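> After the structure tokens below, expect a handful of questions from me.
The values are calculated or read from the model by the stated rules, or taken from the named source; none is laboratory data. Please read all numbers here as calculations on a predicted model, not as lab measurements. Here the Cβ positions follow ideal geometry from the backbone for every residue, glycine too, while neighbour counts run over all protein chains shown. Keep in mind that these areas ignore ligands, DNA and RNA; they rest on the heavy atoms of the full protein, side chains included. Shrake-Rupley method; radii C 1.70, N 1.55, O 1.52, S 1.80 Å.
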Amino acid sequence: MLTGANIVLVGGDARQLEVIRKLTELDATVLAVGFDGLSTPLDGAVHAELDGQLFEDADALILPAVGTDDDGTVTAVFSDKQLVLEEAYIARLPKHCKVYTGMAKPYLKDLCAKYGIGLVELFERDDVAIYNSIPTAEGAVMMAIQHTDITIHGSTALVLGMGRTGLTLARTLRGMGARVKIGVRRDEHFARAYEMGFEPFYIKDLAAHAGNLDLLFNTIPTMIVTAQIIAQMPSRAVIIDLASKPGGTDFRYAERRGIKALLAPGLPGIVAPKTAGRIMADCLGRLLMEDLRLGREKR
Ligand code: NAP
């Protein structure tokens, strides 16, 4: 349980409502900033204003999926107020307090480093990335259905990358009856993809596989679907790029060739905010219990 823990939660979207629900269930005191426009009551949490004093007794500071932007602004969809996480706030956090977020930009990383405050990026964790790959794959399928006039069943789909997202997506597409080819760079991934019944190929040979496909899903966060690759693709092909911004596709060239290419960031929060929130909430609950227990032992 989190009895006695003082948790400050700043900003976010529907996902944070699941986090608040979980933390109050665990008996933490949750002070929530940026939820003043919410039409329903906040489950057990207390509305708070962004103010330096708030941070002085915090055992944990929870920020949204993307902690802050490059200038410290925290997104808060349930508030019209602009929330900026100022340096002075981080400076007032007790040393045992950690900051938890999905992913942190340099602004937040630098501030935490400067004041010796622990920073936990949930999306870097394998378990969270694997759980998140489920709504991501469903979102990718949704986009494929929206942007094609054929079924996924019977289509030829290329999935580039066999990491946490790529593997889940490949299995989802195969389950729907697609012919799935996976582009990998490692021999062991090639072998595993073969063992699992996919059609593996090496990414360096992508051009040779680009001529016959209906759907191309990219999960590799580097320029991989280049103009040379797109030039080989049939005009019916649709590219859905899941890799973090700016993606791995030459979107300008795809448009020039009349090939539909879509960058699809943040799918879990879009297609399944409740599930995405529960994934963060469950992980946060476990981490906070462990971190606060260790923190108390040290003090
Ligand atoms: P991951 O587990 O690290 O998988 C990435 C894959 O890309 C690995 O198979 C890796 O191969 C491969 N790769 C990386 N660089 C490569 C290169 N230069 N050439 C060939 N292969 C390369 O990452 P993930 O969790 O699946 O996430 C993949 C991307 O999707 C990230 O950018 C992530 O931010 C994004 N993402 C987007 C959404 C969304 O909603 N759109 C949701 C979740 C994640 P090796 O194993 O050989 O390194």
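> Heavy atoms only, probe 1.4 Å: what % of the accessible area of the chain goes to carbon and sulfur, would you let me know?
51 percent
> Another one. Report the gain in length on full extension from D110 to D70: 0.36 nm times residue separation, minus Cα-Cα distance, nm rounded to one decimal.
Gain on extension, D110 to D70, equals 13.3 nm.
> Work out from phi, with θ = phi - 60° and the Karplus expression 6.51 cos²θ - 1.76 cosθ + 1.60, the ³J(HN,Hα) of each residue of segment 176-181, listed in order in whole Hz, and give x for Gly and Pro.
The phi angles translate into 8, x, 7, 8, 10, 10 Hz.
> Percent antiparallel among DSSP beta bridges with both residues in the chain, to the nearest 5?
Of those bridges, close to 5 percent are antiparallel.
> Run the reach check for K109 against lysines, Cα to Cα strictly under 16 Å, same-chain hits fewer than 8 apart removed. What comes back?
K95, K98
> Now, a different point. Give, in nm to one decimal, the length gained when the segment between D57 and K274 is fully stretched (0.36 nm per residue of separation minus the Cα-Cα distance).
So the chain would gain 75.2 nm between D57 and K274.
> Determine, for each peptide in 210-220, 195-205, the mean count of other beta carbons within 10 angstrom over its residues, then list the peptides with the highest first.
Top to bottom by mean Cβ count within 10 Å: 210-220, 195-205.
> More than 17 Å apart: what percent of Cα pairs in segment 1-86 qualify?
Of the Cα pairs, 41 percent sit more than 17 Å apart.
> With charges only on Cβ, +1 for K and R and -1 for D and E, what is the dipole size of the chain about its Cα centre, in debye, rounded to 20?
In total the dipole reaches around 960 debye.
> Could you calculate the contour length gain from E195 to R252, that is, 0.36 nm times the residue separation minus the distance between their Cα atoms, to one decimal place in nm?
Result for the pair: 16.8 nm of gain on full extension.
> Let me check against my output: what whole-number percent is the relative contact order of segment 127-265, with C-alpha pairs under 8 Å and at least 6 apart?
That works out to 20 percent.
> Let's test the formula: R0 of 35 Å, r as the Cβ-Cβ distance of E49 and E290. What FRET efficiency results, to the nearest 0.05?
Once the sixth-power term is evaluated, E becomes 0.70.
> Could you do me a favour and compute the accessible area per residue for the chain, 1.4 Å probe, result in Å²?
47 Å²
> Further question on the same structure: Loop only per DSSP, at most 16 neighbouring Cβ atoms within 10 Å: give me the chymotrypsin sites (Phe, Trp or Tyr not before Pro) in segment 114-195, ordered by residue number.
Y115
> Take the chain, compute every pairwise Cα distance, and split them into 10 Å bins from 0; I just need the percent in each bin.
Per 10 Å bin, starting at 0, the Cα pair percentages come out as 6, 26, 28, 19, 16, 5, 0.
> Then there's this: Sticking with the crude label model, points 7 Å out along Cα→Cβ, report the distance from D36 to Q82 in nm, one decimal please.
So the label points at D36 and Q82 sit 1.5 nm apart.
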